[in-house]
Amino acid sequence: MIRLKQSLAVALIAAVPVVGVVLADPPAAKPYPIPAIYSAAWTLKFEHTLPKRIVVDIPGQKLPKAYWFMTYTVTNKTDREQAWLPTFEFLTEEGKVIQSDGKNIPAKVFETIKAREKNQFLEPLTKVAGPLRIGDAEARESAIIWEEPEAELGHFSIFISGLSGEVRQFKKVDGNLVELKTGADFKEAGTNLIILRKTFQLNFFINGDDIYPGQDVVNEKAEVWVMR
């Protein structure tokens, strides 16, 4: 009898239509603008070495100072002369951004790097910036230099703008980026105008600690083009 009651109870439960909550799919992440797959904008060729650490005795300072640098070659393989006016930003694992424009780096640092690399073609950014003529013979070589933010770097990235003419403009509406298409859009955007440029992102990782700074291997991770 007990088994019969249990069977009836199970059958009744199964027969009752289930009125439950339908779980919706989690909201999709808002897409962030990415560079065009096929772009008509010009792009310069950029080749680079791995970042290295260097310690330099700076005139007028009691203690030597540590810097990181990365040498590079930029070549114009487009169909016309382009302006090489780059911006370099170093992003630490903690989110600190360090700009490297070459203006605030003592000349002694670049001279030390050039001697260490034994590369007579290296020139400071102040000399290579400007018109970049077409062809391999007109390629320019320089170095990105930044002060060491901390002894233990871990993951870090370098963002390089000025390598492409691809630019997209947006306005911010309710937290979303809406791309501007017409002149009326630009006028309406006002102070909400956001300009993103195609930027080269280089990612690195040093699997070491701060006991022997600069002696651990710098591992190159994926490099990617982003809009920034």
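The values are calculated or read from the model by the stated rules, or taken from the named source; none is laboratory data. Bear in mind that the values here come from a model prediction, so they are computed numbers and not experimental data. Using ideal geometry, Cβ is built from the backbone for each residue, glycine included, and neighbour counts are taken over all protein chains shown.
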Return the total of residues in segment 102-131 being within 15 Å of LEU163 (Cα to Cα) and under 23 Å from the mean Cα position of the chain (by Cα). 4
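For segment 117-147, which residues satisfy the criterion of being among the charged types (D, E, K, R) and either part of a loop (DSSP other than H, G, I, E, B) or within 16 Å of TRP68 (Cβ to Cβ) (or both)?
If the condition is that a residue be among the charged types (D, E, K, R) and either part of a loop (DSSP other than H, G, I, E, B) or within 16 Å of TRP68 (Cβ to Cβ) (or both), then GLU117, LYS118, GLU123, ARG133, GLU147 are the ones that fit.
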Quick check on this structure: which one of LEU63, LEU23, LEU44 is more than 30 Å from GLU150 (Cα to Cα) and modelled with pLDDT of 55 or more? LEU44
In segment 84-101, what residues are more than 14 Å from the chain's Cα centre (by Cα) and in contact (Cβ under 8 Å) with a residue 60 or more places away in the chain? TRP84, LEU85
